[in-house]
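What follows draws every value from the coordinates through simple rules; no lab data is involved. Quantities reported herein were computed from a predicted structural model and do not represent experimental measurements. All Cβ positions, even for glycine, are placed from backbone atoms using ideal geometry, and neighbour counts span all protein chains on display.
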Amino acid sequence: MKVNTAIITAAGFGTRFLPIVKEIPKEMLPIVDKPIIQYVVEECLDAGIEKIIIVVREGNNVIKNYFNKSVPEVRDLLASVGKEKRFQEVDRLMTYEGIEIITQRTDLPYGNGSPVLSAMPYIEKDRPFAVLFADDLILSRGKSGIAQLLEYFENSDVDGVISAQSVEHSKVNKYGIIKAKDVIDDHHGQVDFIVEKPEPENAPSDLVTYGRYVLPYRAMDLLAEVHTGLDNELWLPDVNHQIAQTGKLMYKVIDGDWYTTGDPSNYFEALTRFYLANDEYKDKVKSFLENL
């Protein structure tokens, strides 16, 4: 079944970036020449997603303004000095269609499952949907990360597909870790179960699942039961675990590199990698780094 709706979760507080996130959402921090969340939206557009639901925290109007607010005074100023081309990216941004920005429900517990559940009324019943965490970026080779998952899902008889990437074993206690039931090859397999932030000695693998998922509608029903997990949070990986126990949940290693932007050091790594992948800036940045 074709997936035509995606949920982008952007409702976290990003406290590792205080004080800047007091006024500017973490998802609006720049990566080269545009904010983190724009890369995530562009992933969905590349995948042919028709409806994009961005879930933000209460009181956050910055993301909504970014995608909806026109700035004719800037256009007029640039036109008056013959620099209209600088406005092309803003024009492209304003023509994005199908983006709906909603506020996370305040009655739900903390956790990465709560913004997903908040989008339940906007999801077509009994249809699968995609989920993207706005603090995860993918520097993909070829098709965007979520496009690769959708292609796999739509051409397979499965209940869902989640992203995967190997990490150093010492870092498994930061992530949701996959135990495979059936390994097809180095890039695909069936999920047996998912353990959230296990200690290295208890981890079933080094295979991390991160913020790219294609899930069946029943994931919403499972979230609606509001079973909290680790640290009394509502975890989407716990729901993925339940889907794996009752159906066929697959993992796919996306052709590309995953970077989390959840703290300043990881953000700096993502920023550097994206600069080095940018044709306009890569030579200058590489020269700068080599001369440090």
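Points to keep in mind about this one:
- Both radii are taken from the alpha-carbon atoms of the stretch 54-107; with Rh as the Kirkwood radius, Rg/Rh is 1.13.
- Cβ-based exposure ranking for 268, 87, 129, in which fewest neighbours within 10 Å come first: 268, 87, 129
- Taking the fewest neighbouring Cβ atoms within 10 Å as the starting point, the ordered list for 220, 94 is 94, 220.
- The string of couplings for the stretch 240-248 from the Karplus curve (6.51, -1.76, 1.60, θ = phi - 60°) is 4, 4, 5, 4, 5, 6, 10, x, 10 Hz, one whole number per residue in order, with x for Gly and Pro.
- Computed over all pairs of different Cα atoms, the Kirkwood value for the hydrodynamic radius of the chain is 20.0 Å.
- Coarse-grained scattering of the stretch 109-243 at q = 0.12, 0.22 Å⁻¹, given as base-10 log I(q)/I(0) from a Debye sum over alpha-carbon atoms: -0.46, -1.59
- Enclosing the Cα atoms of the stretch 35-133 in their convex hull gives a volume equal to 110 cubic angstrom per residue.
- Couplings 3J(HN,Hα) for the stretch 196-204, derived from phi with the Karplus relation 6.51 cos²θ - 1.76 cosθ + 1.60 (θ = phi - 60°), are 8, 6, x, 5, x, 5, 10, 6, x Hz, where x marks Gly and Pro.
- In the stretch 127-253, lysine pairs with alpha-carbon atoms under 15 angstrom apart (chain gap of 8 or more, or interchain): 8
- Distant-in-sequence amide contacts of residue 196, defined by a placed amide H-H separation under 5 Å and a gap of 5 or more residues or a different chain, comprise 177.
- Overall form of the stretch 168-292 per C-alpha gyration tensor (a/c, 1.5; a/b vs b/c): prolate
- Proxy reagent accessibility, fewest Cβ within 10 Å first, across 70, 118: 70, 118
- The amide H of residue 8, built 1.01 Å from its N in the peptide plane, has 53, 54, 55, 132 as neighbours under 5 Å, considering only residues 5 or more places off or on other chains.
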